[in-house]
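Okay, so here's the structure we're looking at.
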Amino acid sequence: MNDNPNTLSEETEDAPLLLSEDDAAATSEKQWFVVHCYSGYENKVRDAIQQRIETMGMRDRIFDVIVPEEEEIEVRDGKRRSVNRRMYPGYVLVEMILDEESWYVVRNTPGVTGFVGMGDEPAPLREDEVRQILKRMESEQPSIRYDYKPGQKVRIIEGPFNDFIGTVAEMNEGRNTVRVMVSFFGRETPVDTDVLGVEKV
């Protein structure tokens with residue numbers, strides 16, 4: 001066994017303890033497991049597992065492999081772009097029926113460092129956790145990342161205060177809004193707008 005964390009290994013480790021007949025029956029249904037891998041190698045690990053499923057004839061044991069991602073609008077320096085962001089860097093989700101053979105196929109995939117669980121026993125995700133992850137992945141409303149800060153000068157680019165220049169007073173990350181203080185008829189007036197409705201000056 002190669003214990004060097006910086007190298008990939010095809011060698012097997014001690015598999016989980018054999019399940020009793022009752023335990024085996026309880027785990028005979030497919031479940032989602034979290035697999036840890038080298039950060040930045042998530043897609044390569046997913047592709048490698050999928051290839052091993054085919055070459056090792058495991059389609060009846062390992063059903064799906066996903067890298068959870070969500071669409072994100074990044075606002076930086078007054079510019080916005082849409083990117084796919086990994087929700088859990090360094091992790092891949094695998095839907096499988098866990099037994100020694102399927103464990104071996106996944107665990108000994110190059111780039112995989114182990115299953116998430118207690119000790120040597122992989123722990124499946126709860127159904128509500130899986131639903132929450134899939135819901136985030138399928139959401140049509142992208143999350144927004146921005147780098148505005150209180151005190152920063154910005155220009156409003158939409159709404160009735162379009163083209164007004166003001167100062168960021170506060171951010172509401174939960175609602176993705178920004179409050180800008182603008183001079184309106186000689187008075188400081190707060191204007192609440194979407195974070196996409198302003199740009200850096």
Practice problem: Once you have the Cα-Cα distance between Val116 and Glu72, take 0.36 nm times their residue separation minus that, and quote the gain in nm to one decimal. | Solution: 13.2 nm
Exercise. Work out how much length Ala123 to Asp64 would gain on full extension: take 0.36 nm times their residue separation and subtract the Cα-Cα distance, in nm to one decimal.
Key: 19.6 nm
Quiz prompt | Between the range 159-190 and the range 116-140, the alpha-carbon center distance in angstrom | solution = 40
Practice problem: Can you find, among Thr55, Ser102, Ala123, the residue farthest towards the positive end of the dipole of the range 21-144? Put +1 on the C-beta of Lys and Arg, -1 on that of Asp and Glu. | Solution: Thr55
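Every read-out reported here was derived from the displayed coordinates using simple, explicitly stated rules and does not represent laboratory data. As the structure is a computational prediction, the values presented were derived from the model and not from experiment. Note that we place each Cβ from the backbone using ideal geometry, even for glycine, and neighbour counts take in every protein chain shown.
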